[in-house]
Amino acid sequence: MFANILANVLIQYARELTAAVAPGGTLILSGILAVEVEQVKAAFAAVAPEWRQDSRTMGEWSDVLLVRP
């Protein structure tokens, strides 16, 4: 699943987005300002603490990769 949405929307729908991913699946979040990526990562860690997280920043933009166990 892929979501290219503003950080506040990703945070608001973190529970719904993670619920839509099948076991072993991947959720890619992009369109996140670099200054907001830590907030997004924290929100998703709160609703899916067992998921693996990776992120990268390219200039002012970031993305987050989440993998469901």
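Values computed for the structure shown
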| quantity | calculated |
| --- | --- |
| Angle in degrees between helix 37-47 and the longest Cα principal axis of the chain, rounded to the nearest 10 | 20 |
| Relative contact order %, the chain, counting alpha carbon pairs below 8 Å whose residues are six or more apart | 38 |
| For peptides 12-25, 55-68, sequence by mean Cβ density within 10 Å, most packed first | 55-68, 12-25 |
| Accessible surface, the chain, averaged per residue in Å² (probe 1.4 Å) | 59 |
| Unit Cα scatterers, Debye sum, the chain: log10 I(q)/I(0) for q = 0.11 Å⁻¹ | -0.20 |
| Within the accessible area of the chain (1.4 Å probe), percent carbon and sulfur | 57 |
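The values are calculated or read from the model by the stated rules, or taken from the named source; none is laboratory data. Values in this document were obtained by computation on a predicted structure and should not be read as measured data. Glycine also receives a Cβ, built like all others from the backbone with ideal geometry; neighbour counts cover every protein chain displayed. Areas reflect the complete protein model, heavy atoms only, side chains present, ligands, DNA and RNA absent. Shrake-Rupley method; radii C 1.70, N 1.55, O 1.52, S 1.80 Å.
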